[in-house]
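One structure below.
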Amino acid sequence: MLELRNVSYEVEGDKGDNKEILSHINFVFDKRFTAITGPNGGGKSTLAKLIAGIITPTEGTILFNGEDITGMSITDRAKAGISYAFQQPVRFKGITVKDLITLAAGKKLSTAEACGFLSEVGLCARDYISREVNASLSGGECKRIEIAMIMARQTELSVFDEPEAGIDLWSFQNLIQVFERMYEKINGNIIIISHQERILNIADEIVVIAGGQVTQSGRREEILPKLLNTPNAATNCQVLEQKEAGRERKTE
């Protein structure tokens with residue numbers, strides 16, 4: 001279980017003054033699958049980085065399973081059981097897919113075991129297991145390989161920062177299926193930062209962050225209809241889908 005107590009985050013502004021990105025966030029993430037959404041610039045990605053340990057709050061406390069991890073490094077948080085997936089997965093020239101999955105698992109894996117994780121995310125293991133994680137892979141392929149790594153880690157908490165970013169519509173449709181399968185198999189909690197209605201629609205709980213604060217939170221059945229009935233929120237949820245659909249029509 002993850003708990004944020006009075007968490008704030010500030011950065012130095014252009015004129016030397018402090019700019020508050022997150023303001024006094026109090027929240028307990030105890031549902032199996034929580035989706036965080038809200039307008040651009042509201043503080044969602046900053047919150048994900050705070051949870052992962054990439055940045056440190058300027059005020060407040062972060063607890064993981066009752067332990068204060070506020071000052072803990074990203075490496076120590078990973079060891080404690082927190083996984084983080086970037087908006088744009090890192091590519092590693094000279095490292096194969098099998099190498100990455102084995103590193104994520106933290107133990108020696110057979111080729112068959114590594115292939116099993118690739119199959120879980122809908123990739124043909126035969127075609128990918130020995131490939132380098134470089135520019136030859138598409139955004140959608142990298143996203144699924146990253147998810148396979150997180151599944152191999154089997155951590156208590158997995159955080160995904162806008163997993164739909166930079167991928168085409170076909171890959172996004174497959175990504176939804178991957179998260180549905182992950183939901184069934186993972187023994188822990190999932191937090192996903194997303195604008196996408198279809199991701200919000202498979203969450204147990206939705207948290208809305210705007211202006212650096214939690215403005216709404218609750219069960220999907222309660223929050224999602226409110227978002228879709230608010231013009232700006234509905235636009236935010238659907239904008240990527242519309243862009244990718246237009247891009248797909250151009251390539252047909």
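Observations, loosely collected:
- Among the candidates V11, V97, V28, the residue that is more than 19 Å from G188 (Cα to Cα), free of Cβ contacts under 8 Å to residues at least 40 places away in the same chain, of a type in the set (A, V, I, L, M) and in contact with a strand residue (DSSP E or B) (Cβ under 8 Å, 6 or more places away or on another chain) is uniquely V11.
- Criterion (at pLDDT below 95 and either outside any strand (DSSP E or B) or surrounded by 14 or more Cβ atoms within 10 Å (Cβ to Cβ) (or both)) met by exactly one of K31, K19: K31
- Being modelled with pLDDT of 85 or more, more than 17 Å from N174 (Cα to Cα) and crowded, with 21+ Cβ neighbours inside 10 Å is true of A152.
- Number of positions in region 106-154 that are farther than 20 Å from K93 by Cβ and either in contact with a strand residue (DSSP E or B) (Cβ under 6 Å, 6 or more places away or on another chain) or polar (S, T, N, Q) (or both): 6
- Within region 184-195, considering residues that are of a type in the set (S, T, N, Q) and surrounded by fewer than 23 Cβ atoms within 10 Å (Cβ to Cβ), the one farthest from V121 (Cα to Cα): N189
- Checked against the criterion of being surrounded by fewer than 21 Cβ atoms within 10 Å (Cβ to Cβ), part of a helix (DSSP H, G or I) and not small (G, A, S), the candidates R181, R144 yield just one match: R181.
- Filtered residues of region 69-105 (kept if surrounded by fewer than 16 Cβ atoms within 10 Å (Cβ to Cβ) and basic (K, R)): K79, R91, K93
- Residue match in region 42-50 (condition: at pLDDT below 95 and surrounded by fewer than 16 Cβ atoms within 10 Å (Cβ to Cβ)): no
- Qualifying positions in region 147-178 - in a helix (DSSP H, G or I), closer than 29 Å to K108 by Cβ and not aliphatic (A, V, I, L, M): R153
- Only residues that are part of a helix (DSSP H, G or I), surrounded by fewer than 21 Cβ atoms within 10 Å (Cβ to Cβ) and either of a type in the set (V, I, T) or over 15 Å from the mean Cα position of the chain (by Cα) (or both) were counted in region 198-222, giving 3.
- Subset of region 86-127 [more than 23 Å from the chain's Cα centre (by Cα), more than 27 Å from F172 (Cβ to Cβ) and assigned to a helix (DSSP H, G or I)]: T111, A112, E113
The values are calculated or read from the model by the stated rules, or taken from the named source; none is laboratory data. Model, not experiment: these values are computed from the prediction. Virtual Cβ from ideal backbone geometry, glycine too; neighbours counted across all protein chains shown.
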